[in-house]
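Visitor: Provided herewith is a single structure, encoded as structure tokens, for subsequent inquiry.
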Amino acid sequence: MPVGMVGPIVTLTLNPSLDLSSAVDRVQPERKLRCAPPTREPGGGGINVARVAKRLGAETVAVLPAGGSTGLAIQQRLTEEGVPNLVIPVDADTRMSLSVQDRSAGSQYRFVLPGPLLTSAELASVIDAVVTVETDPGCVVISGSLPPGVSPLIISELAEAFRNRNPPGPPILVDTSGEALRAAINCPGVIIKPSVRELELLLDRPLHDEADVVTAATELIGGSRCEALIVSIGSGGAFVVQRDEPSVRLRAPTVKVRSAVGAGDSLVAGIAVGISRGEPLVEAARLGVAAGTATVLSEGTNLCRPEDVERLLLLVT
């Protein structure tokens, strides 16, 4: 792996979850299904990014609101894993999510619960914490869904707060969806990581092939204020589309998929690690594709192993 950190990675997860994973022989309706013993992992976009970045040797800190027994469990597991974290206490219980593997069909079912409502004071505490936790971060990652009732403009507010504190501010990498994603594309200088499906929703049209994806991403950058798009295309890899630069297609190596949980977050983590090391965006995205591919080799909610990332990085073309 490249060495020589420019600055630490700060991640923000506004809607964290405690992720439970189990398996059954066969999913059937109206039946009581006996599950395998569950695993419990801290979850949510920015949390997973911090966990993977730590595994890849980066200095990182995960910022998140958390409450109740589930929030405490998330903090405990992050600490046990050696991931530095800054938890802002909130009154409501942090949510849970569930993934169940159907062994007979090889299918995975993912159930995601809504997050709790945050008070205005709690949200203000989160914003203040993430902006001040590091004096000079090498990269800031805002990843995951927003809690109910939080304005999608929160991302642009955070970006502006970073710029005002230490102009021109750190690189900001955003991975979200829906109206939050639509608002984020108009944040000056940010890097956006949408999927093809999210790109289709933003432009309200289907994208039939790779040429359509590049055209759409180029069009989106031209009509927005973001700096770059890294469009994930699942097992196929990613496109890197930068303002005033030719697009680059990164192809992921073919591997056996055991679980897709956390693959997108691992992609973002690899990108963030590369950015925090001062690498060009294409090379940072290459590391991201390797990390995302390595994660699908793991079962359940397990994330990538550094040795798999090292090996697969050489195969990303």
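Visitor: Has the range 59-69 got any residue that is of a type outside the set (K, R) and touching a Lys or Arg at 6+ places or on another chain (Cβ under 6 Å)?
Guide: So far as the range 59-69 goes, yes, one or more of its residues are of a type outside the set (K, R) and touching a Lys or Arg at 6+ places or on another chain (Cβ under 6 Å).
Conditions tested, residue by residue: (1) closer than 15 Å to T301 by Cα; (2) among the aromatic types (F, W, Y); (3) touching a residue at least 40 places away in the same chain (Cβ under 8 Å).
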residue: G45; (1), (2), (3): yes, no, yes
residue: R51; (1), (2), (3): yes, no, yes
residue: G68; (1), (2), (3): no, no, no
residue: L78; (1), (2), (3): yes, no, no
residue: P84; (1), (2), (3): no, no, no
residue: A92; (1), (2), (3): no, no, no
residue: V100; (1), (2), (3): yes, no, yes
residue: A105; (1), (2), (3): no, no, yes
residue: T119; (1), (2), (3): no, no, no
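Rundown of residues vs (1) over 17 Å from the mean Cα position of the chain (by Cα); (2) closer than 18 Å to E198 by Cβ, yes/no style:
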site	(1), (2)
V130	no, no
S156	yes, yes
I172	no, yes
R182	no, yes
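Visitor: Of (1) over 22 Å from the mean Cα position of the chain (by Cα); (2) among the polar types (S, T, N, Q); (3) surrounded by 13 or more Cβ atoms within 10 Å (Cβ to Cβ), S97 satisfies all except one. Which?
Guide: Checking S97 against (1) over 22 Å from the mean Cα position of the chain (by Cα); (2) among the polar types (S, T, N, Q); (3) surrounded by 13 or more Cβ atoms within 10 Å (Cβ to Cβ), the one that fails is (1).
Visitor: Could you tell me whether the range 108-121 includes any residue that is in a strand (DSSP E or B), of a type outside the set (S, T, N, Q) and under 16 Å from L14 (Cβ atoms)?
Guide: Looking through the range 108-121, at least one residue is in a strand (DSSP E or B), of a type outside the set (S, T, N, Q) and under 16 Å from L14 (Cβ atoms).
Visitor: How many residues, within the range 258-281, are crowded, with 18+ Cβ neighbours inside 10 Å and either among the β-branched types (V, I, T) or within 29 Å of A23 (Cα to Cα) (or both)?
Guide: Of the residues in that region, 14 qualify.
Visitor: Return the residue satisfying two criteria in turn: it lies in the range 238-269 and is assigned to a strand (DSSP E or B) and within 20 Å of A53 (Cβ to Cβ), and of such residues it is farthest from the chain's Cα centre (by Cα).
Guide: Looking at residues that are assigned to a strand (DSSP E or B) and within 20 Å of A53 (Cβ to Cβ), I get L250.
Visitor: Related question: Only residues that are assigned to a helix (DSSP H, G or I) and among the hydroxyl-bearing types (S, T, Y): list them for the range 73-107, please.
Guide: If the condition is that a residue be assigned to a helix (DSSP H, G or I) and among the hydroxyl-bearing types (S, T, Y), then T79 is the only one that fits.
Visitor: Exactly one condition in (1) within 25 Å of S156 (Cβ to Cβ); (2) aliphatic (A, V, I, L, M); (3) part of a helix (DSSP H, G or I) is false for V52; which is it?
Guide: (1)
Visitor: May I ask you to list pairs of residues, at least six apart or on different chains, whose Cβ atoms are under 7 Å apart, with the first in the range 162-179 being aromatic (F, W, Y) and the second being part of a helix (DSSP H, G or I) and surrounded by fewer than 24 Cβ atoms within 10 Å (Cβ to Cβ)?
Guide: F162/V131
Any read-out appearing in this document is the output of simple, stated calculations on the displayed coordinates, not a laboratory observation. Since the structure is predicted, the reported quantities are computational estimates derived from the model, not experimental observations. Neighbour counts are summed over all protein chains in view; Cβ atoms, including those assigned to glycine, are modelled from backbone coordinates with ideal geometry.
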